[in-house]
Amino acid sequence: MTYGQPQYGYTPPPKKSKAWLWITLALVFVLLAGGVAFTGWVTPGFFKAKADTTSRATPEQLSQSFVNGVAEDHVSELWCEIRSKRSYSFEQTMAVSEGAQLSTPAHQRAQQEYSAALTTAGVTVGFAMIPGEGGWCVRDAKVGGEPEPLPGIDTKPAPRPVVKTGEEAGNKFVDAINARDIPAALSVLCGKVPDTTRDGVQQVIHGEARYTVEKADVLTTAEQTILHLTGDVDGVRAVGRVETDDSAQDGPCVASFSPDSD
């Protein structure tokens, strides 16, 4: 080896900075975390606890399930098999509402009926609950206040009253509708009326109807009487019609009922 002469050899290149890699990874993590948080907590809300829309063992459970169902547009399992006509209108408007909150907790209004109220889109809706198959169910929903309670929820017809004319049978039927007495109304129906007529009578009674008999046409040859009605059905002015079979074996009876047409 010769001393005093320059030494030659390999010099490694300077190491490149990995700062850009860590910055990129951090940005990717932030974006992923934000996406997961948004879909988990905002929409569709995977992380949120699902609101109960099915419990109805008690009126308190049903009232909260109903409110939750309105908020999520899902209450189909909570209605009674036969319910008021206006509840169908409420169900249609409910589909465009923005959430709901329970404003009045469940409280007893009659021997077998509870009521509660909710607020949705700035509107108060009262609803009535009665015992049904598998738990309690909602029989009526009324915008602006709580429905009037039913005197009773028995659906077994009362004993058929003794009537001599179709007009007398029709008037007893109208009186039962006005009294919201389901057994009395069903007792005057003819035995051969279809189930849809029986259900329709109960449906009207589940709401709030009040009729006056304006006139009665006695059709002697046809053995039929037609009662022409005026009144209010769930707060809306309406006309109605009752037709009787005056030659029925067990006496004159109501053969058909049109609650809002004549």
Restricting attention to the range 134-148, the residues that are open to solvent by less than 30 Å² (accessible area, probe 1.4 Å), of a type outside the set (Gly, Ala, Ser) and either at pLDDT below 95 or outside any strand (DSSP E or B) (or both) number exactly 1
Criterion (surrounded by 14 or more Cβ atoms within 10 Å (Cβ to Cβ), part of a loop (DSSP other than H, G, I, E, B), outside the structural domain of Thr230 (by the TED database) and without any contact (Cβ under 8 Å) to a residue 40 or more places away in the chain) met by exactly one of Pro131, Pro157: Pro157
Scanning the range 205-232 for residues that are open to solvent by less than 20 Å² (accessible area, probe 1.4 Å) and either part of a strand (DSSP E or B) or over 27 Å from Arg86 (Cα atoms) (or both) gives Ala209, Tyr211, Thr225, Ile226, Leu227, Leu229, Gly231
Pick from the range 84-115 the residues that are assigned to a strand (DSSP E or B) and in contact with a helix residue (DSSP H, G or I) (Cβ under 6 Å, 6 or more places away or on another chain): which of them is modelled with the lowest pLDDT? Leu102
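The values are calculated or read from the model by the stated rules, or taken from the named source; none is laboratory data. Worth saying up front: this structure is predicted, and the values here are computed from it rather than measured. Here Cβ is always computed from backbone atoms with ideal geometry, including for glycine, and neighbour counts include all displayed protein chains. What goes into the accessible areas is simple: the full protein's heavy atoms, side chains included, and nothing from ligands, DNA or RNA. Shrake-Rupley method; radii C 1.70, N 1.55, O 1.52, S 1.80 Å.
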